[in-house]
Amino acid sequence: MTRHDYETGPLRLVLVDDHEFARAAVATSLAAQPGLEVVGEAGSVAVARALVELVEPDVAILDLNLPDGNGGESSIGTLRNGRNFVVSSSPALSRNERRSGCCPREPTQ
């Protein structure tokens, strides 16, 4: 696993979620953390692909359920270090979806 070199600058993040409120909440939380920089936000896989090409983030945080595809299965482009980080911002994930392996653990209440 490659570690980020903080001497070259903050870890650059792109947020992809079709819920604007969720993106804003995550962006605000991450922006308060030293060493992290949110460099773009998208609400769909299509917009995320273009955004990743434009801003070249280190990590993309993706919602699993997007209107034009599954964030976990969709290739949104090549990140500078070749990594994606997938999360689901949807609290409505069903027990069957969790059992299918889309989420490594049960969400906390």
Separation of the Thr8 and Val55 label points, Cα + 7 Å toward Cβ, nm: 1.9
Between Ala46 and His19, what is the label-point separation in nm under the 7 Å Cα-to-beta-carbon projection? 2.3
Kindly put Val45, Val14, Val55, Val39 in sequence by how many other C-beta atoms sit within 10 Å of each C-beta, fewest to most. Val55, Val39, Val45, Val14
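Since every read-out is calculated from the coordinates, none of them should be taken as a lab result. Because the structure is predicted, anything quoted here is derived from the model rather than measured. As a convention, Cβ positions derive from the backbone with ideal geometry for all residues, glycine included, and neighbour counts pool all protein chains shown.
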